Amino acid sequence: MSFAAMAAWQAWLVIGVVVAAAAGLFLLKLKPPQISIPSLTLWARVLDEKRDRTLWERIRKAVSLAIAILITLALALAILRPLRTPPSVANALGAPRTPDQGRRTSIVIDSSWSMLAETSSGQTRWDKAIARARSIASGAGGEEVVLSTTADGVVEGPTQDVALIEAALDRISPSGGADAAWPRVEGARVTHFLTDGAIARALEPDVLVESVFDAAPNVAITAFDVRPGVTLDSAGQAFLDVANYSPAAQDVRITIARGNASVLDVKVTLAPGAAVQRIVPMTRGGDARLRAHVSATQNALVIDDDAVAFVPGAQQIAVVIVSDKPESFGPLLSQDPAVHATFISPAKYVPGPEDVAIFDRNLPAAPSRAPALFIAPPKAPPVKTKSGSIAGAPGFLANVDMASMNFETVHSYSTEDLVPVAFSETHEPLVFAHEEGEQRFVLFAFGVNDSKLMFAPGFPSLIASTIDWLAHPIAGGVRHPGPASFSGALASLTGPDGKAVPVTQVGSMSVASLARPGFYQATSGNATSVIAVNAGDPEISDLEHTRLAAAARTDAGASASSGRPWWLLALGGALALLAAEWWTWQRRVTV
Amino acid sequence: MALRFDDEFLKKLEYLHVVSKRAFAGQSRADRLAPKRGAGMEFADHRGYSPGDDFRHIDWKAYKRLGRLLLRLFDEEQDLPIYLLVDTSKSMAETQKLDQALRITAALCYIGLTHLDKITIVPFGAKLGDESTPGIGKGRIFRVFDTLEKVQADGPTNLRASFTEFASRGRQRGLVAVISDFLDVDGCEVGLKILRTLGHDVFAVHVVSEADRDASSFGDVRFVDAETGERRDIEVTPRLAAAYHAAWQEHTDAIEKFCGRYDIGYVRADAERPFEEIILQAFRQGRFLA
C-alpha cells in the first residue's frame, strides 16, 4: 500500500502515533466533575451491593475505545489517502533497497486525448491525474521525482524540488502519443501510471496503475479521410464515421465544409453504441481542405468532435517538361488527371512557379527551385551536400516493377555525390534520388526514347510515382496526434496555428510532434504536403469503457464507479461514528 | 433567607392547631385540656368533700338533692409543650431543603403561638444547637423569624447523639416534631426511639429534594458527601441510577414503616412542592394539624 500524502513509512508512523494517542487519551484518567450531594450513604449502599452487569455494560468501554480508535484511524486515512498496491509493486516497495537502487518516484501520466474527457464531477480525467500527481510528488518524502507523459517522455526530473514538478504539471497537457515509447526511468523505486485505460498498454508488473477513469457519454468522429478519385472529374470521396458512445440514443448533427462551402449538414439519431457513415463525393477544383464537425447533447470529449481531411487530387500538379522532344511525354502525361503538363524547350526555360520540372536530356543553366526530374542529363546536377542523397529505396519505387522495363542504353554518372537507389540486372545504376533542405531531385540514368520506355508497362507508373513523390515530400492521408516520423528530410513543418513545429532529423527520417489536431504543412525541396491530423478514434472516443483490468488498478483518489473520492467516505464514516458515539453518550443509551 | 408569610396565609394558619394524640400537662394556662383537674372553665366531675377543700367549689345544689357535700371538679386548660427539632446539618444545606424546613418550622411556630402553646425551637446536627423559646402569643412570631433566619447549615447529622442530648435535659413531655432529611449514616431509628421512649408525641417531617431522590448526573462523576466531605468516583449508568432511586425509595419506605410501627407521625415534605400546599394539605392529611 502507498499513500498519496506522504511516503509509506511516514504514513505508517503517523497512523501508529495517532492510534496510540487516541488509545492513550481514551484511557487517560481525567478528573471527573465534582458534584456535591447531600449524602453518600445511599450511593455506598447501592455500590456495595453485588450487581450483575450486563454484557454490554462489561464491554462498553472496550467498544468505546475501539470506536475512538476507528474514528482516529478513519480521519488519519482520510488525510493520508492510502492506495491499494499490486503485489508486485508492494514487493518492490517493501523489498530491501539495493545499493544501486535510487530513491526515485516515477510518475507517468497518460497523455491520450481521452484524458480530456469531462467527468461527472466537472473535472477532466487529466485534472484528476494532475491532482494525483501533485499529491504523489508532495508526498515523495525527499525522494527524487521524475515526471513523464506517454507522449513526451520525461518532462521533468529527476529532482527533489517539488516546485519544478509542480511547474511541469502546470505546463503539460494531453497530446496523444499512443505509439510513443514507454518512458523508462533508471533507479525508479516505484512507477505511478495515471491513466484512464483508454489505450491498451503492455506494462511491466512493477508499474502501479492508478485509474482516473470515470465513464462518460460521448459522440465522436472516429474516421475522416478522402479516398483518391479514379475518374478524370472526381477528386475522390470523403468518408466520415460518427459513433455514439453513450448509454442513450442521441440526436447528432453532422456537418462537412470544404473551405467555406458546406457539403454536408444532416441530423441523425444514433442508438447507444451505434455508428453512422457518410460518403461525400469530391470534385476536382475547389478547396482541398475539408472540415467535419459533430454536435450532440451528451458529449464529454470535445477534441474528437472536429476532424480534417485533405483532398489530394483537388489541385493538379503543375509540371513543366523542358525537352526538345515533347512528343515523348505528351500522350503519357495528358492521361494523368492529377498532372497539368506544360512543355517548353530548354532554351526558353526559366524557373517558374511549377510544382515539378522535368528536364529531358538537359540541365538548366540556373538550378531549378522546384523539385526536378532529370532524365538522362549530360551530367549529374550539382548537389549542395552529399548527405542529401537517399541511400535506400525511396517511396516512389515501392510500387514500380523495374523488371518490366528494358533499359537498352544506360548513362553512367559519378557516384561520388549521388547514391543510386535502383539498379539494372547488370548492376548498373538506373535511378538516383537526392533530398535535402531546398534541393530535391530524381535522376534517371536512362532516356525515354533510348530504351523505348513509352511502351514499357511499368514506365507510366514510374513517371507518375516520381512526379507525385517530387511534388509531395511526404505521403498525405490522416494521422493521429502525437510523435510522427516521415521518410526523407523535411525543410519545415508548420502547425495548425501557423507556428513552426520543430523537426528532428534521425538518419534518413524526420521526426516531429504533431501535438494538436488540424492541418500541418510540410515542406521539403520547395515541395509542399498537407497532413491532416485527427484525434477521433474508437479507442480514444469510447469513454464508457476502460481497458484497465479491475483487479490490476488502483483508484487515483477517485472511485471509478461514482467519481467520488473514497477519502470522503472515510471522513464521512468518521463523522458518523463520532455522531453515533456522541448521541449514545448524550442519550445515556450506552453508559 | 427572609421568612415572612402574607396575611392571608397567616389567617389560614390561625384556624389550624397542632394535634397531639395525647394530652400533656403544661405549665401555663392555655387552650388545651390538661390531664389534671384544676381551675378550668369546663366541668369535669364530682368528688366528696374533704376538709380543707375550697368551699367555693362545693355543689350546693347536689347537697340539697343528695344531702352530701360534693365538690365540683373542672378540667384544667394548659399549654402544650411543642419541641421543633430542626435538622441544620450540611445535608440540609441545599437551599430548597433548608428553606422548606425553616418555613415549616415557622408555620408550626405560628400555629403554636396562636394557641398559646409553649414552643421550643431546637436546631441540631451532630449535636444540639442553641435552643430558642420565643414565648407565648402570636406576636412573638417575628422573634421566631429572626431566630430562624440566622440558622446556618453545618456539620454532619447524628440523630442519636442529638436526641440523647435532648433527652438528657429535664423537659416537660410534649409534642416533638423532627424536621429533617433523616440522612444519617447510623440511621434515624435509634434517635426517634429515644424521643418516643421519653413519652413525647413524636412527628417526623421528612424533607426531601430531587437531589436526594435521583442521580443528578450521568457518566463519570465524583460525588462529594456534603456532610463528611468523603469523595467517591462513580460511573453513573442508567441502571445504577435506577438502583439508587430504588434504594432511596426503600429508605423512605423504611422510615415511614418504622414511624407507623412506633406510633410516630410521618409527613413527607418535598422541597419542590409548594410550601402552603404542604402545610394546608400534607400536614392535615398526616393528622399533624387540624
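The values are calculated or read from the model by the stated rules, or taken from the named source; none is laboratory data. Values in this document were obtained by computation on a predicted structure and should not be read as measured data. For neighbour counting, all protein chains shown are included, and Cβ atoms are generated from backbone atoms with ideal geometry for every residue, glycine included. Quick note on the areas: whole protein, heavy atoms, side chains included, nothing else; ligands and nucleic acids left out. Shrake-Rupley method; radii C 1.70, N 1.55, O 1.52, S 1.80 Å.
A few remarks follow.
- Structural descriptor for the range A:479-530: relative contact order 41 percent, calculated from alpha carbon pairs under 8 angstrom and at least 6 residues apart.
- P(r) tail fraction, the protein assembly as shown - alpha-carbon pairs more than 54 Å apart, %: 54
- Degrees, to the nearest 10: A:8-27 long Cα axis against longest axis of chain A: 20
- Since only A:116, A:47, B:106 are under comparison, the one whose Cα sits farthest along the positive direction of the charge dipole of the protein assembly as shown, derived from C-beta charges on Lys, Arg, Asp and Glu, is B:106.
- Taking the charge dipole of the range A:317-471 about its Cα centre, with +1 at Lys and Arg Cβ atoms and -1 at Asp and Glu Cβ atoms, the residue from A:395, A:349, A:333 reaching farthest to the positive side is A:349.
- Residue-level accessible surface for residue B:157, protein heavy atoms, 1.4 Å, Å²: 10
- Student exercise, chain B dipole from Lys, Arg, Asp, Glu Cβ charges, in Debye to nearest 20: 1820
- Percent antiparallel among DSSP beta bridges (both partners in the range A:317-471, rounded to 5): 35
- Accessible-area rank, largest first, for A:438, A:425, B:276, A:544: A:425, A:438, B:276, A:544, with all protein chains present and a 1.4 angstrom probe.
- What the Kirkwood sum gives for the range A:317-471 is a hydrodynamic radius of 15.4 Å, with every pair of different alpha carbons counted.
- Remark: the range A:317-471 carries a charge dipole of roughly 320 debye about the Cα centre, counting +1 on each Lys and Arg Cβ and -1 on each Asp and Glu Cβ.
- Average accessible area per residue (Å²) across the range A:479-530 - probe 1.4 Å, nucleic acids and ligands excluded: 45
- Net charge of the neighbourhood of residue A:328, taken over other residues with C-beta under 11 Å away and scored Lys/Arg +1, Asp/Glu -1, is -1.
- Cut-off under 5 Å, modelled amide H: who pairs with residue A:263 long-range: A:256, A:257, A:258
- Relative contact order (%) - chain B, alpha-carbon pairs under 8 angstrom, separation at least six: 18
- Options B:247, B:216, B:237, ranked by Cα towards positive dipole end of the range B:210-290, top entry (Cβ charges): B:247
- Cα gyration tensor category, rounded, prolate or oblate, for the range A:479-530 with a/c compared to 1.5: oblate
- Semi-axis lengths, largest first, of the ellipsoid equivalent to chain B are 45, 19, 17 Å, with √(5λ) applied to each eigenvalue of the Cα gyration tensor.
- For residue A:39, the amide hydrogen comes within under 5 Å of the amide hydrogens of B:226, counting only partners 5 or more places away or on other chains and with H modelled in the peptide plane.
- Here the protein assembly as shown is treated with +1 on each Lys and Arg Cβ and -1 on each Asp and Glu Cβ, and its dipole about the Cα centre works out to around 4800 debye.
- Accessible area (Å², per residue) of the range A:317-471, counting only protein heavy atoms and a probe of 1.4 Å: 47
- Taking the centroid of alpha carbons for each part, the range B:134-196 and the range A:119-191 are 90 Å apart.
- Chain A: angle of helix A:125-138 to the longest principal axis, Cα-based, in degrees nearest 10: 60
- Where both bridge residues fall in chain A, DSSP classifies roughly 65% of the beta bridges as antiparallel.
- Helix B:238-261 vs. chain B, principal-axis angle (Cα, 0 to 90°, nearest 10): 10
- Pairs of lysines in chain A (C-alpha under 29 Å apart; 8 or more residues apart or interchain): 13
- Each of B:57, B:251 has its accessible area taken with a 1.4 Å probe; listed largest first, they run B:57, B:251.
- Taking only protein heavy atoms and a 1.4 Å probe, the accessible area of the protein assembly as shown is 54% carbon and sulfur.
- Reducing the range A:198-237 and the range A:287-361 to their Cα centroids gives an inter-centroid distance of 28 Å.
- Per residue of peptide B:234-241, the mean number of Cβ atoms on other chains within 10 Å of the residue Cβ is 5.
- Inter-chain Cβ neighbour count for B:219-227, averaged per residue, equals 6 (cutoff 10 Å, partner chain atoms only).
- Here's how it looks for residue A:446: its modeled amide H is under 5 Å from those of A:376, A:411, which are all 5 or more places away or on a different chain.
- Summed over both chains, the accessible area lost when B and A associate is about 2900 Å², using a 1.4 Å probe.
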